Amino acid sequence: MTALLELHGITKTLKGQKAPRVILDGTDLTVDGGESVAILGRSGSGKSTLLSLIGLFDRPDGGRYLLDGRDITRLPERKAAALRSAEFGFVFQRFFLLKHLTAAQNVAMALVNGQGWLSRRKRRARTMAALDRVGIAHLAKHRPARLSGGEQQRVAIARALVREPRLLLADEPTGALDTETGNLVIEVLRSATDRGCGLILVTHDWDHANKMQRVLRLSDGKLHPASDTRRVLQ
Ligand SMILES: Nc1ncnc2c1ncn2[C@@H]1O[C@H](COP(=O)(O)OP(=O)(O)OP(=O)(O)O)[C@@H](O)[C@H]1O
Ligand SMILES: [Mg+2]
């Protein structure tokens, strides 16, 4: 079976303040459809850099990136943008909701901006289904100011899910939330994989990482299988 995503020997050097810094140094990663993977690593280890390469916001210096077995390492930006909106969903620590729009309108924006035309009725049905999936259909008409942090993040997740992405990329999605709300958001993200969507979760939280099928640590520019040292200590 072809993996959803394969990274082979990805390298990336960024301009540092003094000298260039090697951030990724031969990173390998394989993710299958429906699989959930957590990535841990200390601050500055390159987790967000890696996600931006996977999300095609940036390109690696070397290595190969395959999506469904297709080499997209050097995809031109126009095609990358199309692939990004068709195949990927993004969730960040900050929710990036438009404050003058309702929850439903924020989610529907993801359908308006993409390729392909959908009737208003279909847009509305898909928007409500996405809000329902994250448990906040009853808040569809609320603007962000009237929503809690956890509710706002669930709107952002609904916006990421509304196009039925193949791969969900979440960069510290619980960073701005309290523990209980964070747990809820992680469960919502994890449940997205039940329908075959892959999930890559960058987090600092071991409890959240342990909810994923696989836990990896990024260090020295490479991904390593991670084991929870707390388990050993307990
Ligand atoms: N655009 C850029 N240009 C130059 N250096 C950058 C750029 N973006 C990030 N860096 C540097 O690259 C390194 C990796 O950054 P990155 O944001 O990927 O780390 P991270 O693992 O996501 O950290 P955190 O856990 O704090 O979010 C850091 O040293 C950072 O300062
Ligand atoms: Mg980061």
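The set of residues in segment 169-217 being more than 14 Å from Phe90 (Cβ to Cβ), outside any loop (DSSP other than H, G, I, E, B), under 13 Å from the mean Cα position of the chain (by Cα) and of a type outside the set (Lys, Arg) consists of Val185, Ile186, Val188, Thr193.
The condition of being away from ligand 1 (no atom under 16 Å from the Cβ), among the hydroxyl-bearing types (Ser, Thr, Tyr) and in contact (Cβ under 8 Å) with a residue 40 or more places away in the chain holds for Ser36. Flag: His204 matches the condition of being surrounded by 14 or more Cβ atoms within 10 Å (Cβ to Cβ) and either within 13 Å of ligand 1 (Cβ to nearest atom) or acidic (Asp, Glu) (or both). When segment 44-65 is filtered for residues that are in a loop (DSSP other than H, G, I, E, B) and more than 8 Å from ligand 1 (Cβ to nearest atom), the ones remaining, listed by number, are Gly55, Leu56, Phe57, Asp58, Arg59, Pro60, Asp61. Quick one: in segment 152-201, of everything that is touching a residue at least 40 places away in the same chain (Cβ under 8 Å), among the acidic types (Asp, Glu) and on the phi < 0 side of the Ramachandran plot, which residue is surrounded by the most Cβ atoms within 10 Å (Cβ to Cβ)? My answer is Asp171. Tell me which residues, restricted to segment 207-231, are more than 16 Å from ligand 1 (Cβ to nearest atom) and within 23 Å of Leu53 (Cβ to Cβ). Correct list: Met212, Gln213, Arg214, Pro225. Exactly one residue out of Val91, Val37, Val31 is within 27 Å of Thr2 (Cβ to Cβ), touching a Pro at 6+ places or on another chain (Cβ under 8 Å) and β-branched (Val, Ile, Thr), and it is Val91. Under the condition of being surrounded by 15 or more Cβ atoms within 10 Å (Cβ to Cβ) and either at positive phi or in a loop (DSSP other than H, G, I, E, B) (or both), the residues counted in segment 16-31 number 1.
Taken over segment 36-49, residues that are near ligand 2 (Cβ under 9 Å from one of its atoms) and either over 9 Å from Val202 (Cα atoms) or of a type in the set (S, T, N, Q) (or both) amount to 6. Just checking, how many residues over segment 19-29 are out of contact with any Leu (no Cβ under 7 Å at 6 or more places or on another chain) and away from ligand 1 (no atom under 15 Å from the Cβ)? Qualifying residue count for the region: 1. Scanning segment 76-129 for residues that are touching a residue at least 60 places away in the same chain (Cβ under 8 Å) and small (Gly, Ala, Ser) yields Ser85, Ala86, Gly89. Quick check on segment 129-143: of everything there that is part of a helix (DSSP H, G or I) and within 21 Å of the chain's Cα centre (by Cα), which residue is nearest to Gly89 (Cα to Cα)? Within segment 129-143, the match that is nearest to Gly89 (Cα to Cα) is Ala130. Whenever a residue of segment 55-74 is at positive phi, its partners that are part of a loop (DSSP other than H, G, I, E, B) and among the polar types (S, T, N, Q), lying with C-beta atoms within less than 9 angstrom and at least six residues away or across chains, give the pairs Gly63/Thr73; Asp68/Thr2; Gly69/Thr2.
None of the figures in this text is laboratory data; all of them are computed from the coordinates on show. Note that the structure is predicted; figures quoted are calculated from it, not measured. Counting neighbours? That spans all protein chains shown, and the Cβs are built from the backbone with ideal geometry, glycine included.
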